[in-house]
């Protein structure tokens, strides 16, 4: 049962300068599994009954198929990789050429992901330790009430992303520069990755 194509995803695939064949192949597999598609976060995203299941992510070194609830899937073929050290839910498959994409294997993971959604399973997120604000952020917030209000109005996830970005710098001057650069986005109510 092949789902209907979305014209925004058609445009994305036709304009892709890298990983076009891999994106096209993965897309056809996902549509063949009956998933709906849309363009989210500027990438082809695939849904089951409106809930995000997977997204195709073209990177510099590889093309990924990320499963939003990847930790709930059984990694029967040893293909799932972590998204990063702070990720608790998503896992991805990485492909460096179209020949790496084994249709039956990818379909087996997609079917598992659909079964997870049908069953209504949720990821049991571990309590995140409270991130300590860097001293530089604390000082800047202390001296700017408008910025403080805007920062605390952000979602916890957006606040966390900013703090991780700021604390990723080793030197105080770099942390201050990162904070200063992000102030307009914070005041606009946007997350670090928002445009």
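No lab work stands behind these numbers, since they all come straight from the coordinates. Since the model is a prediction, treat every value here as computed from it, not as a measurement. Please note: Cβ atoms are built from the backbone with ideal geometry, for glycine as well, and neighbour counts cover all protein chains shown.
The alpha carbon gyration tensor of the stretch 7-118 gives principal lengths a ≥ b ≥ c with a/c below 1.5, which makes the shape rounded.
Taking the fewest neighbouring Cβ atoms within 10 Å as the starting point, the ordered list for 21, 182, 63, 97 is 97, 21, 182, 63.
Approximating the spin labels as points 7 Å out from Cα along Cα→Cβ, the residue 43-to-residue 121 distance works out to 2.1 nm. Using a cutoff of 8 angstrom between alpha carbon atoms and counting only pairs six or more residues apart, the relative contact order for the stretch 135-187 works out to 46 percent.
Here the contact order of the stretch 7-118, divided by its residue count and restricted to Cα pairs under 8 Å and six or more residues apart, works out to 24 percent. Taking max minus min of the alpha-carbon positions on each principal axis, the chain gives extents of 58, 36, 29 Å, largest first.
Helix 20-32 axis versus longest C-alpha principal axis of the chain: approximately 70°, rounded to the nearest ten.
So what's the angle, to the nearest 10 degrees on a 0 to 90 scale, between helix 103-118 and the longest Cα principal axis of the chain? Tilt of helix 103-118: around 60 degrees.
Sorting 183, 192, 55 from the fewest to the most surrounding beta carbons within 10 angstrom yields 183, 192, 55. With neighbours defined as other Cβ atoms within 10 Å of a residue's Cβ, the residues 178, 146, 81 order from fewest to most as 146, 81, 178. Using equal-weight Cα scatterers in the Debye expression, the normalised intensity of the stretch 101-195 in log10 at q = 0.12 Å⁻¹ is -0.55. Rounded if a/c is under 1.5, else prolate if a/b beats b/c, else oblate: with a ≥ b ≥ c from the C-alpha gyration tensor eigenvalues square-rooted, which is the stretch 135-187? Oblate, because a/c is 1.5 or more while a/b does not exceed b/c. A full extension of the chain between residue 111 and residue 135 corresponds to an added length of 3.9 nm, given 0.36 nm per residue minus the alpha carbon distance. Taking every alpha-carbon pair under 8 Å whose residues sit at least 6 apart, the chain reaches a relative contact order of 14 percent.
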